[in-house]
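What follows draws every value from the coordinates through simple rules; no lab data is involved. Please read all numbers here as calculations on a predicted model, not as lab measurements. Cβ sites come from the backbone with ideal geometry, for glycine too, and all protein chains shown count toward neighbours.
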Amino acid sequence: MAKLSDAQVEGALKSLKGWRRDGDFITKDFRFRTFLGGIRFVDAVAKIAESQEHHPDIHVVWTKVTLSVQTHDEGGITKWDVALAKEIEKHLSPGKKKRASSSR
């Protein structure tokens, strides 16, 4: 799968609230009231990632979880990354589950 152009990445990010470009990744921070809330979120993300056979980098610092997505084999952002971010938002965005709030 080919990497997306800069314009394609920017266009995709318009439909992904709170997601931003960070070099060759798309990234979003999620904040939780408790550490365990963040860990439950990571568990839910892991299930989505397994179902798509595409896995984000996950960084946990107390009540903040940062997801970073890229297609490592392509060395950048592809449609697969955008699809994973959309699936995470569809199932786990703050409007769907009251556990997380995103921050920039």
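A few remarks follow.
- Dividing the mean sequence gap of close Cα pairs (under 8 Å, 6+ apart) by how many residues the range 6-103 holds gives a relative contact order of 34 percent.
- Dividing the helix sum by the residues of the chain, where each DSSP H run of 4 or more adds -39500 (n - 2.57), gives a mean residue ellipticity at 222 nm of -12500 deg cm²/dmol.
- For the chain, fraction of C-alpha pairs farther apart than 16 Å, in %: 52
- Local charge for Gln52 was computed over the other residues whose Cβ lies under 11 Å away, with Lys and Arg +1 and Asp and Glu -1, and equals -2.
- Length gained on full extension, Ala83 to Ser51: 10.3 nm, using 0.36 nm per residue less the C-alpha separation.
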